[in-house]
Amino acid sequence: MKVLIADDDKLSRLLVKDIVTSMGYEALEAADGERAWQVLQEHSPRLVVLDWIMPQMDGTELCKRIRSSDDENYRYIILLTGRNSKEDIIAGLNAGADDYITKPFIPQEFEMRLKVGKRILELQQSLQEALEKQRYMAQHDALTGILNRGEIIKVLEKELNRAERQNDKLSLIMGDLDHFKQINDTYGHMAGDTVLAETAQRMKNTLRTYDSVGRYGGEEFLLVLPGCAIEEAQLIARRLLNVIKSQPVLFNNNNIPVTISLGLASNDTADHAGIKGIVQAADFAMYQAKQNGRNRYEVAGY
C-alpha cells in the first residue's frame, strides 16, 4: 500500500517514513502542499499523512481539496500537527481528516493509527466490491451473464433517444431459439440452460463492441444495434444464424443442434416509433420467421 507523507520538516518526514517502510508500505514524500497534491494525482496513494502547517498549501486546505475532488477512491487522511486544542482538532476533522495525531508522538501510536486506517480502507474496498457485485447482478441475467430484460430495455430507450437527437439509425433484432421445448424434453433442463448460456455468448462474441444483447425472457433474446441501418443489421443477422447453427452445443457427450429465428426492425420506419413500436415490430417479424420455416430472419415492413 502506498502512503503519502507531506511535511516540510525533513526530520519529521524521515521519522514517519521509517515507520511506514518498517510496516512494509511504500512511502511517497512531499515537502509542501502543492507537491503533495501532484503526488496524489500521479500515484493515487490511499493513506495520506499531512502536516498541518506547510508552504503553498497547508494540511487543512489540502484535506478540503481531496474531499471536494471527484476521485472515486477514498483516501484515509491523518493530520499531523503540534496543535492540540479541542478547537484545532475539530477544525482538522471538519476539513476532512479521518484521524489526528499531535507532535511529538511515539512510533507505536503512529503505527497503530496507520493500521486502523488500512483496516478501514480494506473494509471500504470490500463494501465497494459488494455494491458493484450487487449492481452487476441487478443488471445481468444470472444464467447467461448477458443483460436482463429490464436492463436491455433501458439500453434500447437510451439508444433510441440518442438516435432521435442525432438523426441516426438504430436497428433491433429479436431472437427466439427454435424447438427449445423439444431440447428440454429430450436432453433435460440443464441441457436447455447450457444451450441458452452458449447461445448468449456466441451472440455477444459476434456483435460489435458497442452493440448490446439481453435475455428478453425464456429462450428469447433482444439485440440493440446503435448506428446500424437495416441493411447492416441483415448482415449481422446472417452471421448470427451461421454462428449459432454451425456448431452443436455439447452437453454430457450429446451434440445438441441449435438454430434460432430472428426478427429485425429499424427506427427508420414510422410505424415502428418508440420502444413499444419497434419491439413489437421485431417480435412480429420473428414470428414470421418461425412461420416461414425457422433458422432464418425476417425484416419488419419489408
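Rule-based calculations on the coordinates, nothing more; no lab input. If you're wondering where the values come from, they're calculated on a predicted model, not measured in any experiment. Cβ: placed from backbone, ideal geometry, glycine included. Neighbour counts: every protein chain shown.
Just need the relative contact order of the chain here, percent rounded to a whole number, with Cα pairs under 8 Å and 6+ apart.
Values: 506 pairs, mean separation 38.3, N = 302.
Over the chain, the number comes to 13 percent.
Give me the net charge of residue 137's neighbourhood, meaning all other residues with Cβ under 13 Å from the Cβ of residue 137; Lys, Arg count +1, Asp, Glu -1.
With Lys, Arg at +1 and Asp, Glu at -1, the neighbours total -2.
Decide, for region 2-108, between rounded, prolate and oblate: order the square roots of the alpha carbon gyration tensor eigenvalues as a ≥ b ≥ c, take rounded if a/c falls under 1.5, and otherwise choose prolate if a/b is larger than b/c, else oblate. Walk me through the numbers before you get to the answer.
On the way: a/c = 1.41, a/b = 1.00, b/c = 1.41.
It comes out rounded by the Cα gyration axes.
Close Lys pairs in region 149-299, defined as Cα atoms under 20 Å apart and 8 or more places apart or on different chains, number 11.
So which DSSP H runs in the chain come out at 30 Å plus along the axis (Cα) with average Kyte-Doolittle of at least -1.0?
Answer set is 107-139.
What's the extension gain from residue 138 to residue 290 if we count 0.36 nm per residue and subtract their Cα-Cα distance?
Values: separation 152, 0.36 × 152 = 54.72 nm, distance 3.17 nm.
Going from the current span to full extension adds 51.6 nm.
Within the chain, what percent of beta bridges assigned by DSSP are antiparallel, to the nearest 5? Spell out each step's value before the answer.
Working: 23 of 45 bridges.
Just about 50 percent of them are antiparallel.
For residue 17, give me every one of the lysines with a C-alpha distance below 26 angstrom, ignoring sequence neighbours fewer than eight places off in its own chain. Qualifying lysines at Cα under 26 Å: 2, 64, 103, 115, 118. Near residue 249: Cβ cut-off under 12 Å, other residues only, Lys/Arg at +1 and Asp/Glu at -1. The net charge is 0.
Against the set (i) 1.52; (ii) 1.01; (iii) 1.11, the structure's computed Cα Rg over 2.2 N^0.38 Å falls on (i).
When shorter helices are ignored and each DSSP H run of at least 4 residues is given -39500 (n - 2.57), the per-residue value for the chain at 222 nm works out to -17000 deg cm²/dmol.
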